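Okay, structure first, notes after.
Read-outs throughout are calculated quantities, based only on the coordinates presented, and are distinct from any laboratory measurement. Keep in mind that this is a model prediction, so the values were computed, not measured. Using ideal geometry, Cβ is built from the backbone for each residue, glycine included, and neighbour counts are taken over all protein chains shown.
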Ligand code: GCW
């Protein structure tokens, strides 16, 4: 079981005897107040856990009065034994919320898990299991929780031929060829893993995929997956290619105002719902990077999105429309294009439309300032798109724990629509009252034995779920929980793995794109350095972004430059327009700065760039040392897997450092500081 397949759900024998007795007692007689497929899923999970924890299967009683020890059910099912106050408290936790703790039933107190819906009971059970795994369970303590975001969603970029766009962990886990007849047990494990961290929606297909997924044959396959996921509270979404009416509907146009097109989508949507009655809706990439969209017909994004939203709304479906739009025909700074398109349309989208916005305005770069659309459109539902797969962050060889990046974005102050607004508060709907809230993440899952290619990339899947559930959680607490569940409770392991996780993001930024540099990676595969890359469209070349010349480096996005800074609130503009005030991590994102510009620590810009690259390499070496020191505490197979990858990462960090510094030196014409390892 040490190949990583079991993720953070690799239940281990309970060593603590007191806990073992307590858990054995609870598992000796479990009573469910009702019957439904979700409770069957819970029973399955309890059996898996129990078998590993205590070497025995749990017992489920059919009758309540057989002196059961452990009670599970919904608030309604429990209503006879709960006080009105208790019921009100639980009700306030909302659809997915749960409560656990002691409940008095016929004069005796029993440990219980109560949800408003069966899925809440499921989430409560997973939480309970984690308390056992991390040795923090106490049956007398009450605990309750509920998600702050309604849709916690994975976006797979999986194609129907099983390749995965920007996937680095093998092929797609969706075996379309054998679906719907064959249900790979892996689908169930996938659903378990997602439910255990609160993920409740999944879009199965690539936003760049063709329209084939919308044909009847593929719908049947998608239905089979939806049936597997349903007990785990997970809804299926599909990508909808805007030109589908032409590709699979035999029409001459995909104009969203054309009545035949409208009819095509209505019928298509009805058909999907006939297979998947709780279908989530569509996810659409339109008029971006060559994908078809409403612009072809002189229509805007709202007209395109609303037409699809109308087809979905009778069924309660959602239309998720991506704001990642840019065109190379547009001369305007790519950073500005989404705001330019969407701000004028604010308020024009239907209620069941959500605009899904990437965390930054360019494209999942190692570090980006928050996207200026957050806080700028407030009469339209907005959602976040993070990227879990490490397209620009070393893919499956580099150990990079992404939660600190996501936390940085979520905590960023937008100052819009209100002075206290943050990206997180906007997403939670606190600012606008938005109900259908969304955090999506581009999946890093594939057919690899350990699901994610790099064992540590599992931490990103885990952290994504945790932050989507609670955007106010910290990357440090998530790192600790993941480590305990994945490796061990041992204090040394927890603290050293924690060190590695928490330093890893800044480390990668240091050796890839420090101080606000961006988009200087290799062409199209996006792996490794390529600050020299030219040819093809301007906004896919590196010099467009770093603008290095004999005077300095950086993209001037100030008011006198491209003006992108103007898309932020005046408070942000005030802090960021001055190169001495802006946080140095964003400096070259917004400013073209002379090589001899003095930074806060007294170094010149040129020196500081060199020190950051050098530091990145040193930090990877430190991560290697820390990992090596854990050899005796980690399973040998897992230890070796990570060790080998860290060695590759060290080489790649050097590659980045050497390539970028030597290249930028051709502009700066300055020596490297003598106290760094000299690039060659
Ligand atoms: O990050 C870029 C990727 C494309 C991707 C696009 C998008 C799905 O390089 O591969 O296409 O973003 O998000 O649409």
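With the convex hull drawn around the C-alpha atoms of the range 460-546, the volume per residue stands at 130 Å³. Entry note, the chain: the mean residue ellipticity at 222 nm calculated from DSSP H runs of n ≥ 4, each adding -39500 (n - 2.57), is -12000 deg cm²/dmol after division by the residues and rounding to the nearest 500. Distance between the pseudo-spin-label points of residue 566 and residue 13 (7 Å out from Cα toward the beta carbon): 6.9 nm.
Expressed per residue, the C-alpha convex hull volume of the range 79-143 stands at 77 Å³.
Dimensions of the range 307-386 based on its C-alpha atoms, expressed as ranges along the principal axes with the largest first, amount to 39, 25, 21 Å. Please list, by residue number, everything in the range 137-165 whose backbone N is under 15 Å from a paramagnetic label point 7 Å out along Cα→Cβ of residue 210. Of the residues in the range 137-165, 159-163 have backbone N under 15 Å from the label point off residue 210. Here the simple spin-label model places points 7 Å from the Cα toward Cβ, and for residue 534 and residue 603 these points are separated by 2.9 nm. Residue exposure proxy: 617, 503, ordered by other Cβ atoms within 10 angstrom of their Cβ from fewest to most, comes out as 503, 617. Pairs of alpha carbons in the range 160-293 separated by more than 26 Å make up 23% of all such pairs. Calculated on the alpha-carbon coordinates, the convex hull of the range 112-180 measures out at 174 cubic angstrom per residue. With a cut-off of 16 Å on the backbone N, the residues of the range 51-80 near the modelled label site 7 Å out from residue 131 along Cα-Cβ are 69-73. Cα centroid separation, the range 480-499 to the range 113-159: 21 Å. Multiplying each eigenvalue of the alpha-carbon gyration tensor of the range 151-486 by 5 and taking the square root yields semi-axes of 28, 26, 18 Å, largest first, rounded to whole angstroms. Computed from the C-beta positions of residue 348 and residue 220, the FRET efficiency with R₀ = 30 Å rounds to 0.25. The alpha carbon centroids of the range 323-383 and the range 605-668 are separated by 34 Å.
Length gained on full extension, residue 40 to residue 578: 187.7 nm, using 0.36 nm per residue less the C-alpha separation.
Ellipsoid semi-axes for the range 209-283, based on the Cα gyration tensor and the rule √(5λ), read 24, 11, 10 Å when sorted largest first. Taking every Cα-Cα distance in the range 386-512 and sorting them into 5 Å bins from zero, the calculated P(r) comes out as 2, 11, 19, 21, 19, 13, 8, 5, 2, 0 percent. Segment residue 64..residue 184, full-extension length gain: 39.7 nm, with 0.36 nm per residue of separation and the alpha-carbon distance subtracted.
In terms of the Cα gyration tensor, with a ≥ b ≥ c the square roots of its eigenvalues, is the range 560-675 rounded because a/c is under 1.5, prolate because a/b exceeds b/c, or oblate? Verdict is prolate for the range 560-675.
Mean separation of Cα pairs under 8 Å and 6 or more residues apart, divided by the residue count, gives the chain a relative contact order of 11 percent. If R0 is 45 Å, the Cβ-Cβ spacing of residue 490 and residue 677 corresponds to a FRET efficiency of close to 0.85.
To the nearest ten degrees, helix 636-668 and the longest principal axis of the Cα atoms of the chain are 20 degrees apart. Once the Cα atoms are used to define both axes, helix 185-196 deviates from the longest principal axis of the chain by about 80 degrees.
Taking the range 469-486 and a reference point 7 angstrom along Cα→Cβ of residue 138, the backbone N atoms nearer than 20 Å belong to 481. Over all Cα atoms in the range 375-450, the spread is summed up by Rg and Dmax: 15.1, 47 Å.
Given R₀ = 41 Å, what would the calculated FRET efficiency be for residue 525 paired with residue 435, taking r from the Cβ atoms and rounding to 0.05? After rounding to 0.05, the efficiency reads 0.50. For a test of the definition: using alpha carbon positions, the gyration tensor, and the 1.5 limit on a/c, classify the range 550-593 as rounded, prolate or oblate. In terms of gyration-tensor shape, oblate. Based on the Kirkwood approach, the hydrodynamic radius assigned to the range 7-145 is 15.0 Å, with every pair of different Cα atoms included.
The average projected area of the chain, computed from the convex hull of its Cα atoms over all directions, is 30.2 nm². Using only Cα atoms, tell me the angle between helix 458-469 and the longest principal axis of the chain; keep it within 0 to 90° and round to the nearest 10. Computed tilt is about 80 degrees.
The simple spin-label model puts a point 7 Å past each Cα toward its Cβ; for residue 629 and residue 57 those points are separated by 4.6 nm.
Relative to one another, the C-alpha centroids of the range 78-105 and the range 201-251 are positioned 37 Å apart.
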